[in-house]
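Visitor: Just dropping this structure here.
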Amino acid sequence: MSISTPTRPGYSPFVISLPAGDRHPRRARLTIVTAIGTHPGGNPPWPKASAPPTLQRLLAVIDATWTGHAADGLPTDVLEQARDLVPCDGVALGEFDPTHQCGYLDQAQPAHEVEVDPGIFFHHYWDSAHCSYPDRSGDLLSVTTISDFYTRRQWRNTGMYTDYFSKLGIQAEAMLCLSAPAPRTRRLVFYRGPGPDFDARDRLLLSLLRPHLNEAYQHLARRRHTMPDLTTRQWELLRLLARGHTNTEIARELVVSVSTVRKHLETSSPASASPTAPQPSPKPSPHRPTEPDHKCCSGQAQSSAAEGNT
């Protein structure tokens, strides 16, 4: 199947090729050609105000990722605009670790109304071809749907649907993955109840959106982990602390009292703590740490500032 739009003079076609093969047993090779944003100068072929409605909605999602703010995950406006771009019953961003069966982020729009035991999700996870596909294949670039792996009848006969998805009323799902530190998986999931499945248009839009969301998420993560404003002495103290020195050894090295070392630690980064003091036990995640971040495999969490873009 090939989808194309006429190109305008002076613009080169932008090609997205979603490879076929045994990774997607039910999807033929899909080549999408469009003229969006391919001018040699890097600007869109048309002003945003005069762009086609679909492109305006796509640009609205991208704008929201760069102009919004969020303490964790993505700005709420991004999820709302994404629902407008790809009509669906809900959108969820989440991050979880399927190996250790714990979740870190569950950000949904609208908020979840039904709660299902997350243990059921993890119990069926590796047997679900759709849910576990990114982990099994390492493919974070493809936008996948349940129908890539199952017919409607096959899907309703799976344990994942019977025990988990049916309780949530989910009949169809489209999923795109964002970069996440291993062994976590970070996903944005669009889901629908009874009705039409996600089609080639939806897949195209999400394929175009993914690299922008991935880059914006990394940018938001870096902004949340800005370097603390510390004095030269505090940085020196933290370097000694990172090398494994105790408070007493640090005091001797810097020619200060142990109480001064403790005071510097208290006024430094909140993550810094004296190796001689008892360490607090990790606090549970506010996003249901043992729950898969969203109704199928949505997932996302506190991101590392050191993460690279995929």
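Where a number appears in this text, it was derived from the coordinates with a stated rule and is not lab data. Computed from a predicted model, the values in this text were never measured in an experiment. Here the Cβ positions follow ideal geometry from the backbone for every residue, glycine too, while neighbour counts run over all protein chains shown.
Visitor: Figure the gain on full extension for ALA111 and ARG233 (residue separation times 0.36 nm, minus the Cα-Cα span) and round it to one decimal in nm.
Guide: Details: separation 122, 0.36 × 122 = 43.92 nm, distance 4.63 nm.
That works out to 39.3 nm of additional length.
Visitor: List residues of the stretch 129-152, by number, whose backbone nitrogen lies under 16 Å from a label position 7 Å along Cα→C-beta of ASP163.
Guide: From the stretch 129-152, the list is 129-132.
Visitor: Please list the three semi-axes, largest first and in whole Å, of the ellipsoid equivalent to the stretch 51-224, using sqrt of 5 times the eigenvalues of its alpha carbon gyration tensor. Each step should come with its number before you reach the end.
Guide: Numbers: eigenvalues 123, 74, 44 Å².
They are 25, 19, 15 Å, listed largest first.
Visitor: Once amide H atoms are placed 1.01 Å from N in the peptide plane, what residues at a sequence separation of 5 or more from THR144, or on another chain, have their amide H within under 5 Å of its amide H?
Guide: Counting only residues 5 or more places away or on other chains, the set is MET175.
Visitor: Quick one: which residues, 5 or more positions from GLY103 or on another chain, have an amide H under 5 Å from its amide H? H modelled 1.01 Å from N in the peptide plane, none for Pro or chain starts.
Guide: ASP97, THR290, GLU291
Visitor: Give, in nm to one decimal, the length gained when the segment between LEU141 and GLU266 is fully stretched (0.36 nm per residue of separation minus the Cα-Cα distance).
Guide: Result for the pair: 40.7 nm of gain on full extension.
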